[in-house]
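A.B. asks: Okay, handing you the structure first.
Values in this text are rule-based calculations from the coordinates and carry no lab data. Owing to the predicted nature of the structure, the values given are computational and were not obtained by experimental measurement. Neighbour counts run over all protein chains shown; Cβ positions are idealised from the backbone, glycine included.
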Amino acid sequence: MYLVCGEALFDFFQTDRPEGVNAVYDARIGGSPYNVAMGLARLKARASLFTGVSHDLFGDRIVEAIEKEGIDNWAVVRKEEAPTTLSFVGLDAQGSPAYAFFGNGAADRSLAPEDLPLLPPDVAWLHFGSYSLVTPPTSSTLFSLLEREKSRFISLDPNIRPTVVSDMSIWEARLSAMLPLVDLVKVSTEDLTMLYPDRDPLDTAHSWLEDGPRLVVVTDGGSEVIGLTENGVHRVAVPDTEIVDTVGAGDTFMAMLMYLLGKDGNPSRTVDSLNKDQFSSILDICARAASLTCTRRGADLPRYDDVRAFLKD
């Protein structure tokens, strides 16, 4: 079983570009950790989500969606007084998202030490991501969970949101503390450039590999995917795609990577036995799954049958 840890929220996507002052929005449940858990569930994997969810109308919808998507809800913590984080998303001419977050005091930022779940033995993989890593008290609570459960397989996707926390030194400090405790990092060149604008992203990825993870995977939008291990650098081309938008592409890549490495229930053994061709094949499948999400509006991650169909092709 996978346990994904982090935020769940409502994304409001602007659906037009009006000349006047009014705008039309399409509201959808999101948040990178929620998307990853949803992606795993759609691949028919057992996935749970550790997050704080409000008792407001948006929170009720999030709980309904968790149940409908088949995500286990035993680690969901309902928060009486806290609202749901709302994210407003606009798209540029290339379909890349720009975010504005409204979430001070929100439920997904309010996880406290007493909310920490006791994990059943069959939780083989824990995943941590996005602004929950740096918004207290949730950030400290998640780090405590990481320290407590570091003997299990751990993955990390920073998925940096400067509109939530703009001070990159806060992100840097948290990631520096986490890297020695995790097995796998997936990160975008955009995130690496925000963290270290005067440094080559691949140099940072190499330094992260030296800090402790067994695998570091770097994505670069429509460019190549780079996988780093102690045995070298593996590069995979990204397929040409007619892009509707890129929302959820990185989460699709992460969910597929987790599924492929963890589907036999022993990700450590799988990672240790990977050869170059196997790793490249896995990265290629992940890139193709992410490209499929880019052909759809919003974070509409592929289902198991979707993946079987494009692999067959």
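A.B. asks: Between the alpha-carbon centers of segment 166-203 and segment 1-80, tell me the distance in whole angstrom.
C.D. replies: Their Cα centres are 25 Å away from one another.
A.B. asks: Now for a different question. Taking the Cα centre as origin and putting +1 on Lys and Arg beta-carbons and -1 on Asp and Glu beta-carbons, what dipole magnitude results for the chain, to the nearest 20 debye? Could you put the intermediate results ahead of the total?
C.D. replies: Working: 28 positive and 46 negative charges, 147 e Å.
Once rounded to the nearest 20, the dipole reads 700 debye.
A.B. asks: Hey, what number do you get for the chain at 222 nm if only DSSP H runs of n ≥ 4 count, each worth -39500 (n - 2.57), divided across all residues, to the nearest 500? The partial results should precede the final answer.
C.D. replies: Numbers: 10 runs with 113 residues, N = 313.
Value at 222 nm, helices only: -11000 deg cm²/dmol.
A.B. asks: Would you look at the GNM of the chain, springs on alpha carbons closer than 10 Å, and say which of Asp272, Asp108, Asp245 moves the most?
C.D. replies: So, out of Asp272, Asp108, Asp245, the one fluctuating most is Asp272.
A.B. asks: Checking the a/c ratio against 1.5 first, then a/b against b/c, what shape does the Cα gyration tensor give for segment 159-313? Each step should come with its number before you reach the end.
C.D. replies: Values: a/c = 1.76, a/b = 1.20, b/c = 1.47.
Taking the square roots of the gyration eigenvalues as a ≥ b ≥ c, segment 159-313 is oblate.
A.B. asks: Follow-up question, since we're still on this one. For segment 34-152, with equal point scatterers placed on the C-alpha atoms only and solvent neglected, what are the log10 I(q)/I(0) values from the Debye formula at q = 0.13 1/Å, to two decimals?
C.D. replies: Reported log10 I(q)/I(0), two decimals: -0.55.
A.B. asks: FRET efficiency for Ser281 and Ala65, Cβ-Cβ distance as r, R0 = 45 Å, nearest 0.05?
C.D. replies: Working: r = 32 Å, r/R0 = 0.71.
The value I calculate is 0.90.
A.B. asks: Which three extents, in angstrom, do the Cα atoms of segment 138-222 have along their principal axes, listed largest first?
C.D. replies: For segment 138-222, the Cα extents along the three principal axes come out at 34, 27, 21 Å.
A.B. asks: Indicate, rounded to the nearest 5 percent, the antiparallel portion of the DSSP beta bridges found entirely in the chain.
C.D. replies: Details: 20 of 49 bridges.
Antiparallel bridges make up about 40 percent of those DSSP assigns within the chain.
A.B. asks: I need two numbers for the chain: Rg to one decimal and Dmax as a whole number, Cα atoms only, in Å.
C.D. replies: According to the Cα coordinates of the chain, Rg and Dmax are 18.2, 58 Å.
A.B. asks: Let me ask you something else. Quick one: dipole size for segment 165-313, taken about the Cα centre, charges +1 on Lys/Arg Cβ and -1 on Asp/Glu Cβ, in debye to the nearest 20.
C.D. replies: Details: 14 positive and 25 negative charges, 113 e Å.
In total the dipole reaches around 540 debye.
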